[in-house]
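Written below as structure tokens is the structure these notes are about.
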Amino acid sequence: MRIDIITIFPKMFEPILNESILKRAQAKKKVIIKVHNLRDYTKDKHGKVDDYPFGGGPGMVLCAQPIFDAVRKIKRALNVKHKTTKIILLCPQGKTLTQRIAKRLTAYTQLILICGHYEGIDERVRSHLVNEEISIGDYVLTGGELPSMVLVDCITRLIPGVLGDKNSLNFESFEGNLLEHPQYTRPAKFRGKPVPEILLSGNHQKIETWRKDQSLKRTIQRRPELLTRSNRGTIKE
Ligand SMILES: C[S@@+](CC[C@H](N)C(=O)[O-])C[C@H]1O[C@@H](n2cnc3c(N)ncnc32)[C@H](O)[C@@H]1O
């Protein structure tokens with residue numbers, strides 16, 4: 001998969017893309033991530049990419065021209081057979097990001113992410129260029145850079161081969177509409193607090209049952225709306 005990000009603050013991405021799993025995923029060529037400076041695409045002779053809103057009001061609005069031109073050029077950069085491109089605007093008015101949406105997006109060969117800033121972007125980008133709008137929650141940030149990074153991180157770890165152990169995806173929160181069970185590591189007793197004995201038993205079947213029960217209990221306590229009816233009947237008190 002290739003992910004292209006269009007932003008007026010490309011440097012914001014450097015620390016995130018050059019650490020840990022995102023760095024390794026790129027090194028292993030599981031994902032290609034390119035960050036593009038919107039200013040490189042403007043036709044304005046002073047290099048401007050924003051302007052005052054028509055009708056008045058506070059703040060600046062990102063202009064349509066550099067965004068349309070950037071997307072056209074970036075789309076052409078991926079030259080593979082059976083290309084599937086999705087153009088996504090990060091925006092507080094979009095669909096709220098979920099694990100399910102992230103999984104769906106892994107099916108594309110190219111994602112182009114557009115980061116708004118200031119008061120937002122010219123509406124013609126939204127209505128004539130973008131395929132999907134994604135929000136990372138019901139709050140307003142200064143720009144689409146952090147939301148883009150959240151989306152890139154969330155999608156990249158779902159790409160096969162990115163995480164070392166494929167089981168780490170199977171058992172984590174939101175799989176099967178459940179939250180993950182509690183996790184413990186050494187020491188077995190910390191400040192007088194022991195880990196649940198079952199985890200030291202070596203009985204894998206019992207451990208698995210305990211984890212499933214914990215997972216269900218947690219979900220009922222914290223996020224009951226995630227549960228389907230079929231899960232509800234099976235919890236042990
Ligand atoms: C200050 S916001 C603009 C908000 C816009 N005036 C509104 O009321 O909907 C600037 C940019 O930050 C990004 N942004 C802010 N909050 C976001 C969120 N919760 N999810 C995704 N993107 C967000 C978007 O790209 C947006 O264009």
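The values are calculated or read from the model by the stated rules, or taken from the named source; none is laboratory data. All of these numbers come straight from a predicted model, not from anything done at the bench. Heads up, the Cβs are rebuilt from the backbone with ideal geometry, glycines too, and the neighbour counts pull from every protein chain shown. Side chains included, ligands, DNA and RNA excluded: accessible areas come from the protein's heavy atoms. Shrake-Rupley method; radii C 1.70, N 1.55, O 1.52, S 1.80 Å.
Assorted remarks:
- Here's the picture: charge each Lys and Arg Cβ at +1 and each Asp and Glu Cβ at -1 in the chain, and of Leu216, Ile67, Pro187 the one pushed furthest to the positive end of that dipole is Pro187.
- For the chain, with +1 on Lys and Arg beta carbons and -1 on Asp and Glu, the positive-most of Ile101, His117, Asn170 along the dipole: Asn170
- Distance between the modelled labels on Lys43 and Leu158, one decimal in nanometres: 3.7 nm (7 Å Cα→Cβ projection).
- Result for the chain in a Gaussian network model with C-alpha springs under 10 Å: among Pro66, Pro182, Pro92, the largest mean-square fluctuation is at Pro182.
- Extension gain for the segment Arg104 to Tyr139, taken as residue separation times 0.36 nm less the Cα-Cα distance, is 10.2 nm to one decimal.
- Compactness of segment 94-194 as Cα Rg over 2.2 N^0.38 Å, two decimals: 1.43
- Whole-Å semi-axes of the ellipsoid equivalent to the chain (Cα gyration tensor, √5λ, descending): 42, 20, 17
- Distance histogram in 5 Å bins (all Cα pairs of segment 171-232, percent per bin): 4, 17, 25, 20, 16, 12, 5, 1
- Across the protein chains, with a 1.4 Å probe defining accessible surface, the residues Met12, Met149, Met1 rank Met12, Met1, Met149 from largest area downward.
- Summed over the residues of the chain and divided among them, the accessible surface reaches 62 Å² per residue at a probe radius of 1.4 Å.
- Calculated [θ] (222 nm, deg cm²/dmol) that DSSP helices of n ≥ 4 give over the chain, each run adding -39,500 (n - 2.57): -9000 deg cm²/dmol
- Think of each Lys and Arg Cβ as +1 and each Asp and Glu Cβ as -1; about the Cα centre, that makes the dipole of the chain roughly 1040 debye.
- For the peptides 30-36, 94-100, the ranking by packing is 30-36, 94-100, with the highest mean count of neighbouring Cβ atoms within 10 Å listed first.
- Share of carbon and sulfur in the accessible heavy-atom surface of the chain [1.4 Å probe, %]: 52 percent
- Annotation: aspartates and glutamates with alpha-carbon distance below 15 angstrom to Lys73 (same-chain offsets under eight excluded): Asp4, Asp40.
- For segment 44-80, the residues whose backbone nitrogen is under 11 Å from a point 7 Å from the Cα of Glu119, taken along Cα to Cβ, are 51-62.
- Spatial separation of Cα centroids for segment 129-156 and segment 1-58, in angstrom: 12 Å
- Cα gyration tensor category, rounded, prolate or oblate, for segment 39-115 with a/c compared to 1.5: oblate
- Percent antiparallel among DSSP beta bridges (both partners in the chain, rounded to 5): 20 percent
- Residue among Glu208, Glu119, Glu132 with the largest mean-square fluctuation in a Gaussian network model of the chain, springs linking Cα atoms under 10 Å: Glu208
- Choice from Ser201, Ser148, Ser173 with maximal GNM fluctuation in the chain (Cα, 10 Å cutoff): Ser201
- Entries in Lys28/Lys81; Lys11/Lys45; Lys86/Lys212; Lys28/Lys206; Lys23/Lys48; Lys23/Lys43 that, when Cα-Cα distance is taken, lie over 29 Å: Lys86/Lys212; Lys28/Lys206; Lys23/Lys48; Lys23/Lys43
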